[in-house]
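> A single structure is presented below for examination.
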Amino acid sequence: MKRFLKSFFYAFKGLAYAFKTQLNFKIHCFSGVLAIALGLYLNLSITEWLWIILAIAFVLIMELINTAIEVLVDLVSPQQHTKAGAIKDISAAAVLISALLALSIGLLIFVPKLI
Ligand SMILES: Nc1ncnc2c1ncn2[C@@H]1O[C@H](COP(=O)(O)OP(=O)(O)OP(=O)(O)O)[C@@H](O)[C@H]1O
């Protein structure tokens, strides 16, 4: 049980690290909170909530993986290296795609309800 609780503690430590060090993670958390508030205001259906929650979680998961990759690259390649740069760029591109997907889902669900 102690080990189980410890693993939660480490996971929250990871979340806190990403929140403190990554501006984009903060922006995505804030956007997620806004989407949830708008969803409550617009009384979304269960299916719509599922899409919104999946979109928010997907972006945050991609942000966390991107942060871990950045930390790993900085650890193994503190000097400038073309491949180190490419790894960070590819990882950032994955976050961008996830954010575009979440934006599309948000627009598809919210826009028809707002116009
Ligand atoms: N070791 C490196 N070698 C070569 N290019 C790098 C290296 N580190 C970073 N870069 C380049 O600089 C860009 C920005 O890197 P940086 O580490 O600042 O990431 P970031 O996405 O701005 O994250 P953060 O500012 O939150 O640390 C990378 O996407 C990459 O193109």
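No lab work stands behind these numbers, since they all come straight from the coordinates. Values in this document were obtained by computation on a predicted structure and should not be read as measured data. Positions of Cβ are generated from backbone atoms using ideal geometry, with glycine treated the same way; all protein chains shown enter the neighbour counts.
Listed here are the residues, each with its yes/no results for (1) over 21 Å from GLY14 (Cβ atoms); (2) among the polar types (S, T, N, Q); (3) within 16 Å of the ligand (Cβ to nearest atom).
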| position | (1), (2), (3) |
| --- | --- |
| HIS28 | no, no, yes |
| LEU40 | yes, no, no |
| LEU50 | yes, no, no |
| ILE53 | no, no, no |
| MET62 | no, no, yes |
| LYS83 | yes, no, yes |
| ALA94 | no, no, yes |
| LEU103 | yes, no, no |
| LYS113 | yes, no, no |
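> When you look at VAL76, is it β-branched (Val, Ile, Thr), within 25 Å of LYS13 (Cα to Cα), surrounded by fewer than 16 Cβ atoms within 10 Å (Cβ to Cβ) and within 11 Å of the ligand (Cβ to nearest atom), yes or no?
On the way: β-branched (Val, Ile, Thr): yes; within 25 Å of LYS13 (Cα to Cα): yes; surrounded by fewer than 16 Cβ atoms within 10 Å (Cβ to Cβ): yes; within 11 Å of the ligand (Cβ to nearest atom): yes.
Taking the combined requirement at face value, the residue satisfies it.
> Now for a different question. Would you check if there is a residue in region 98-107 being of a type in the set (Val, Ile, Thr), surrounded by 11 or more Cβ atoms within 10 Å (Cβ to Cβ) and part of a helix (DSSP H, G or I)? If you could, list the steps in order and put the result at the bottom.
Applying the first criterion (of a type in the set (Val, Ile, Thr)) to region 98-107 yields 105.
Those still in the list that are surrounded by 11 or more Cβ atoms within 10 Å (Cβ to Cβ) too: 105.
If we keep only those that are part of a helix (DSSP H, G or I) as well, we get 105.
Yes, region 98-107 has at least one match.
> Something else: Residue check: is PHE30 farther than 22 Å from ALA99 by Cα and either touching a His at 6+ places or on another chain (Cβ under 9 Å) or aromatic (Phe, Trp, Tyr) (or both)?
Numbers: farther than 22 Å from ALA99 by Cα: no; either touching a His at 6+ places or on another chain (Cβ under 9 Å) or aromatic (Phe, Trp, Tyr) (or both): yes.
When the stated conditions are applied, PHE30 does not pass them.
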